[in-house]
1. Only residues that are among the hydrophobic types (A, V, I, L, M, F, W, C) and surrounded by 16 or more Cβ atoms within 10 Å (Cβ to Cβ): list them for segment 138-169, please.
2. Of all residues in segment 69-86, which are under 19 Å from Pro158 (Cα atoms) and aliphatic (A, V, I, L, M)?
3. Inside segment 138-166, can you point out the residues that are in contact with an Asp or Glu (Cβ under 9 Å, 6 or more places away or on another chain) and farther than 16 Å from Ala86 by Cα?
4. I need the full set of residues from segment 126-182 which are among the small types (Gly, Ala, Ser), in contact (Cβ under 8 Å) with a residue 12 or more places away in the chain and within 16 Å of Pro53 (Cβ to Cβ), in order please.
5. State which residue pairs qualify: first residue farther than 23 Å from His145 by Cβ and inside segment 88-112, second residue open to solvent by 60 Å² or more (accessible area, probe 1.4 Å) and among the aromatic types (Phe, Trp, Tyr) in any location, beta carbons under 6 Å apart, and separation of 6 or more residues or different chains.
6. Can you tell me which residues in segment 43-68 are touching a strand residue (DSSP E or B) at 6+ places or on another chain (Cβ under 6 Å) and within 15 Å of Ala131 (Cβ to Cβ)?
7. Looking only at segment 126-137, filter to residues that are out of contact with any Asp or Glu (no Cβ under 8 Å at 6 or more places or on another chain) and either part of a strand (DSSP E or B) or basic (Lys, Arg) (or both); which one of those is least open to solvent (accessible area, probe 1.4 Å)?
8. So, of the residues in segment 42-79 that are in a helix (DSSP H, G or I) and free of Cβ contacts under 8 Å to residues at least 12 places away in the same chain, which turns out to be nearest to Ala92 (Cα to Cα)?
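The values are calculated or read from the model by the stated rules, or taken from the named source; none is laboratory data. From a predicted model like this one, the values you see are computed outputs, not experimental measurements. Cβ placement follows ideal geometry from the backbone for every residue including glycine, while neighbour counts extend to all protein chains displayed. Just so you know, the surface numbers come from the protein's heavy atoms only, side chains and all, with ligands and any DNA or RNA stripped out. Shrake-Rupley method; radii C 1.70, N 1.55, O 1.52, S 1.80 Å.
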Amino acid sequence: MNPVPPNWRTAPAVGRRFARARRPAPAPTPLDLAMMRRALALARDAGRAGEVPVAALVYETDTGRVLAEAANTRRHGRDPLGHAEALAISAAAKALGDWRLNSCTLVVTLEPCPMCAGAIVNARLGRVVYAADDPKAGAVRSLYHLLEDQRLNHRVTPIPGVLAGEASAMLTDFFRSRRSGA
């Protein structure tokens with residue numbers, strides 16, 4: 001067994017296909033903004049119900065037809081897989097009658113985690129529009145870059161930071177009230 005050289009972190013990235021400069025994110029469309037407002041309203045409702053205020057929806061990019069929408073259900077459903085993105089993707093695939101969602105956009109109020117980013121790639125979504133960054137679990141740009149990873153068989157166009165201030169404030173207020181026992 002070869003020992004790892006002490007400078008393995010600084011060694012040149014030989015053969016790393018995924019090492020490339022990140023493209024600037026495209027600007028959100030007016031439809032993206034409208035859909036994010038709808039997702040934020042769903043997230044507010046989830047927060048009032050005691051769930052973490054995160055919501056997602058999937059719409060057909062060309063027509064704007066909403067295929068599915070969901071909010072987090074982990075707490076009330078006692079389901080670790082009850083993330084808004086995963087629920088919306090599953091419902092959209094059923095509504096479309098196909099697991100491939102190439103012609104669709106996912107809109108979500110918080111940057112997807114690794115589990116949801118994997119579901120996004122596997123569903124072959126075309127675009128993901130999200131609001132707030134997640135510095136603790138974000139798998140789109142904060143911690144990982146799964147949607148644009150060249151090693152995977154599909155890449156998704158991320159559009160980050162859409163109405164991020166509103167989504168961040170909602171999450172901050174929710175957790176502040178939880179910590180204070182309100």
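1. Those that are among the hydrophobic types (A, V, I, L, M, F, W, C) and surrounded by 16 or more Cβ atoms within 10 Å (Cβ to Cβ): Ala139, Val140, Leu143, Leu146, Leu147, Val156, Ile159, Val162, Leu163, Ala164, Ala167.
2. Ala84, Ala86
3. Hits for segment 138-166 are Arg141, Ser142, Leu143, Arg155, Thr157, Pro158, Ile159, Pro160, Gly161, Val162, Ala164.
4. Passing the criteria: Ala131, Ala132, Ala137, Ala164, Ala167, Ser168.
5. Correct list of pairs: Ala93/Trp99.
6. Ala43, Ala46, Val54, Ala55, Ala56, Leu57
7. Val128
8. So, considering only residues that are in a helix (DSSP H, G or I) and free of Cβ contacts under 8 Å to residues at least 12 places away in the same chain, the one nearest to Ala92 (Cα to Cα) is Gly77.
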